[in-house]
Amino acid sequence: MSLGKKVFFLLIALVVLIAYTVSTFNYKTILNDGKNQATSFSSEDSMFGEYADLAILKINELKSSVLKELGLEDGNELGQNKEPISLELVKDNGIVLMNGTFKDATQAKSIVDLLNINRNGEYLFEENRVIDVVLLNKLSLLMDSFKEFFTDGSKLSIENGKVLLNGELKDSNFKPLLDSIIAKSNLDIISNIKEPIKSKTEKIIDDFKKTSAVVEKELTSESENKLNKLENITPKKEVIEAKSKFVQDAQDSINDLTSNNKITFKRRSTNITDESQETVKKIATILLDDSRLTVEVAGHTDSRGRAALNKKISQDRANSVKTALMSLGVNPKQIKAIGYGEDFPIAKDDAQGLSEINRRVEFIVGETK
């Protein structure tokens with residue numbers, strides 16, 4: 001056998017030895033006076049343990065692949081294989097219930113705390129279950145939307161490391177916002193989402209409202225024309241419509257920007273995220289195009305915490321957006337920043353006062369007087 005082949009097989013043997021050593025090492029016990037003694041772990045240690053379990057799972061997969069390539073059997077002596085947890089979150093009577101298979105009660109409780117689960121369901125415990133911490137942290141970003149947007153009976157689950165979302169939205173208007181939240185969480189989701197179907201009565205009412213609006217507009221226009229003729233006044237409607245149109249066009253443009261790119265802030269901070277800075281730049285461009293435009297930057301929070309503190313946070317964040325617009329050349333006289341705190345929710349907060357939708361920054365476009 002040539003020297004090169006000998007070195008190659010020695011390297012493979014070294015990889016297998018490292019994988020075997022890491023996968024069989026028990027970091028939760030130490031040897032003391034010839035006896036195994038259990039060590040105590042803090043919450044940070046527990047989190048490290050979950051990461052370690054996940055690392056062992058990945059190493060075992062690599063180990064199996066290497067052994068298969070070498071034509072060897074993956075024997076039990078190389079350590080037990082780890083499996084990811086499985087869980088199912090079910091929307092029931094407006095709250096979320098969790099079922100699943102976990103390592104132990106402590107592991108299950110850590111997931112309940114992270115995902116802010118309302119009620120425990122049926123649990124099974126198996127020693128070889130591990131948490132994919134990264135996946136669960138991404139899933140936590142979706143929990144507010146799952147609670148707020150979906151009807152009872154909807155399900156959000158993890159099976160074999162994959163995220164599945166099945167259910168019906170309360171309102172079809174939630175769909176674009178949900179898609180945006182999923183995209184920002186970087187979750188790879190297999191989804192089956194149904195949008196509510198309007199009843200025949202609702203469709204008739206919608207059609208009636210549209211018809212009424214058209215008729216009202218025509219009648220108003222006819223009445224104005226008659227009044228103008230009687231008073232011999234030159235109609236000014238075209239001027240008014242043109243003035244309203246440039247404001248509405250600006251409002252529509254800003255709404256399009258923020259519907260898919262919500263203004264967000266760094267965690268526990270009033271500093272705008274890098275991603276949102278790009279949105280602010282585009283809004284600044286709209287305002288710079290027409291000096292007649294004004295904008296109210298309105299900051300809002302959910303109801304978690306004290307009302308006075310929420311108002312201060314919302315004001316500070318509104319000020320932060322105003323400062324960013326001014327730094328891009330927008331005249332300070334065009335901008336007004338107001339923090340409304342929790343006073344104007346657009347969705348119902350959960351029992352802990354949390355709602356992703358209510359934590360927002362809105363832009364209300366006007367014109368100089």
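Touching a helix residue (DSSP H, G or I) at 6+ places or on another chain (Cβ under 7 Å) and either closer than 22 Å to A183 by Cβ or modelled with pLDDT under 65 (or both) - does that describe any residue in the range 231-240? Scanning the range 231-240, I find at least one residue that is touching a helix residue (DSSP H, G or I) at 6+ places or on another chain (Cβ under 7 Å) and either closer than 22 Å to A183 by Cβ or modelled with pLDDT under 65 (or both), so the answer is yes. For S327, the criteria (1) free of Cβ contacts under 8 Å to residues at least 40 places away in the same chain; (2) in contact with a Gly (Cβ under 7 Å, 6 or more places away or on another chain) hold in every case but one, which is (2). Could you check the range 312-347 and list, in sequence order, the residues that are under 22 Å from the mean Cα position of the chain (by Cα), open to solvent by 40 Å² or more (accessible area, probe 1.4 Å) and at pLDDT 90 or above? Passing the criteria: only R317. A single entry from S212, S172, S191 fulfils the requirement of being assigned to a loop (DSSP other than H, G, I, E, B), at pLDDT below 90, among the small types (G, A, S) and open to solvent by 30 Å² or more (accessible area, probe 1.4 Å): S172. Restricting attention to the range 127-153, the residues being open to solvent by 70 Å² or more (accessible area, probe 1.4 Å) and not in a helix (DSSP H, G or I) number 3.
The values are calculated or read from the model by the stated rules, or taken from the named source; none is laboratory data. Only a predicted model underlies this, so the values are computations on that prediction, with no experimental measurement involved. Virtual Cβ from ideal backbone geometry, glycine too; neighbours counted across all protein chains shown. For the accessible areas, the whole protein counts, side chains as well, though only heavy atoms, and no ligand, DNA or RNA atoms are used. Shrake-Rupley method; radii C 1.70, N 1.55, O 1.52, S 1.80 Å.
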